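Step one of this worksheet: look at the structure below.
Read the figures in this text as sums done on the coordinates, not as results from a lab. Source: prediction; values computed, not measured. A quick note on method: Cβ atoms are made from the backbone with ideal geometry, for glycine too, and the neighbour counts reach across all protein chains shown.
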Amino acid sequence: MQVEWRAFDFYRVGPVGRNTISPSFKVLPSRPVKRPSAKSCVGSKLLPVAAERREDISNLIHKFGFEMPRCSACFRAERPHCVVSEGKQRCDFCVSKKYFNCDFGGVSSQSFARVSREKDRIDEQKEQAEADLQDALARLQRLRRQEKHLREKAAEMVRRGCG
């Protein structure tokens, strides 16, 4: 049995006819055909329904939305502006790319606080590492002095023993 995939709404399921499963699937006899993946559909006209829906929403946001300061994704993609629709949590670009963390309108105070805490933690670790390094250097200098003193003592013992 061969299944032909079409870009119709394949979420509608119900008794449609004798040789069909739904309006988007048609049962054909003979060899099996693989359904195209979402990746292979991107360049072609066949897109899965979810991708079509995402693109439609993105286009609506772009058409009826308003410009805001760029979100992180738009900034990384070097887009000139970020378009947001009223009541939406994501910009048109984040909707089209399936990004879930859209931070349009600037960075939140929570993000600043998190970065500040992380910097404080790193500064404390640096101070601790510097203190540990100073302790290790002092220990090394002490060991070198002890070694020098032992060499001098050994040299004097050799002189006394030979003379």
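Which residues, taken from segment 67-100, are in contact (Cβ under 8 Å) with a residue 24 or more places away in the chain, farther than 19 Å from Asp56 by Cα and in a loop (DSSP other than H, G, I, E, B)?
Answer for segment 67-100, where residues must be in contact (Cβ under 8 Å) with a residue 24 or more places away in the chain, farther than 19 Å from Asp56 by Cα and in a loop (DSSP other than H, G, I, E, B): Pro69, Arg70, Cys71.
Go through (1) part of a helix (DSSP H, G or I); (2) closer than 30 Å to Arg70 by Cα and name the single condition Val158 misses.
Failed condition: (2).
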